[in-house]
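Worksheet for the structure shown next.
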Amino acid sequence: MSSPYDILGVSNNASKDEVKSAYRKLAKQYHPDVNKEPGAEDRFKKISQAYEDIIDPKPKQQAPAYNHNPFDDFFNFNFGQQHPKNNQIHLRINLEIEEIYKTVNKEISYERLVYCKSCDGHGGTGNKIGCVSCMGSGIRQRTVQQGPFFMQVHEGVCLECQGKGIKFDQQCSSCNSTGSQSVVEKLNLTVPVGTVHQTMRIDNQGHHVDPTQRPGALFVDIGVVENGFKVHNHDLVYEQEVDPIDALLGYELLFKHPKGETLKVKTKSNFENGYTVKVTNKGIPNNQSTSGNLHLVFLYKLPKNLSSEELDLLKKYKELRNKK
């Protein structure tokens, strides 16, 4: 009686990689969906049993709910996981400028992929068979000729097996045999003070396509709507227009801060266009106790629609300057 190693054509001390390589080659050659010659199916069963006897010689555990086909192993180790990884999701939300000074609750809505409950993420039920259309690769491809050579050109995911490389006797109609569905999640997110320009992580709220693994995480980047301000890291910049005469005499500004307080800011006299006053610790909070700075930039705004009286005063001012 031939040993499992003889059936696969490998030595008794062959490595697992050598065993897998031999199995892949023979399974592809003798699978009954591919090879219609008499005796191919029996040969395939012996090859599959030999592979399992070498790779998993332990006593078999209780069978799962669906029938196990040894050909699954070929697809699993040859083409990777049947399901995409449970990837993380990245979102961005922007707070209003008034919201950054207090803890706020924001309801966020986003889409994520979850495994289909009807088929438990498998894409179907019953026996699994290798997809003949793509030969288990999960990839649609065609052969093209380049001069005397022939090349395989990939054309995307195989439509017959949805890129899995296998098909089921009974395909799941709920997920169209993909094994996953897109759902809209709504989440109430508490955003503490000092979270602007940071990323919040919420575990188990990312994609969950593979039910055997933990769901991915959801990452939410926290930004801010400038709304009349300019934002530089944690500093706020606000441009205040002033009459050039105020620049000459000095200016007092009652500035309504987005935090809700009123700041009294006095400038020096005779300041130039673009003169800036820095108000410390009045910018965007870094944490509960410290903040960036507020920069008030004063820009000249030429007056319009001057009255005759105002023009006369300006003329007199010019005459006085000329006398100097």
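For segment 240-290, a crude dipole built from +1 on the beta carbon of Lys and Arg and -1 on the beta carbon of Asp and Glu, taken about the Cα centre, is about 320 debye to the nearest 20.
Surface analysis of segment 178-324 yields an accessible area of 63 Å² per residue, using protein heavy atoms and a 1.4 Å probe. Looking at segment 91-147, the pairs of alpha carbons with a distance over 18 Å make up 69% of the total. Taking 12 Å as the straight-line reach from the Cα of Lys230, the aspartates and glutamates in range (excluding those fewer than 8 positions away in the same chain) are Glu239. Cross-link partners of Lys315 among aspartates and glutamates, defined as those whose alpha carbon lies under 18 angstrom from its own and excluding same-chain residues fewer than eight positions apart: Asp243, Asp246.
Here segment 218-324 is assigned +1 on the Cβ of each Lys and Arg and -1 on the Cβ of each Asp and Glu. Its dipole about the Cα centre then comes out at about 460 debye. Distances between every pair of Cα atoms in segment 190-324, grouped in 5 Å steps from 0 to the bin holding the largest one, split as 2, 8, 13, 14, 12, 10, 8, 7, 7, 5, 4, 3, 2, 2, 1, 1, 1, 0, 0 percent. Model label sites at Asn176 and Ser3, defined 7 Å from Cα along the beta-carbon direction, differ in position by 5.1 nm. Taken as Cα centroids, segment 253-282 and segment 285-309 sit 6 Å apart, rounded to the nearest whole angstrom.
Within segment 203-324, antiparallel bridges make up roughly 65 percent of the DSSP beta bridges whose residues both belong there. Pairs from the list Lys106/Lys301; Lys259/Lys301; Lys256/Lys318; Lys282/Lys304 with a Cα-Cα gap above 31 Å: Lys106/Lys301; Lys256/Lys318; Lys282/Lys304.
The values are calculated or read from the model by the stated rules, or taken from the named source; none is laboratory data. In this text, all values refer to a predicted model and were calculated from it rather than measured experimentally. Note that we place each Cβ from the backbone using ideal geometry, even for glycine, and neighbour counts take in every protein chain shown. Each accessible area value is taken on the protein alone, full model and side chains, heavy atoms only, with ligands, DNA and RNA left out. Shrake-Rupley method; radii C 1.70, N 1.55, O 1.52, S 1.80 Å.
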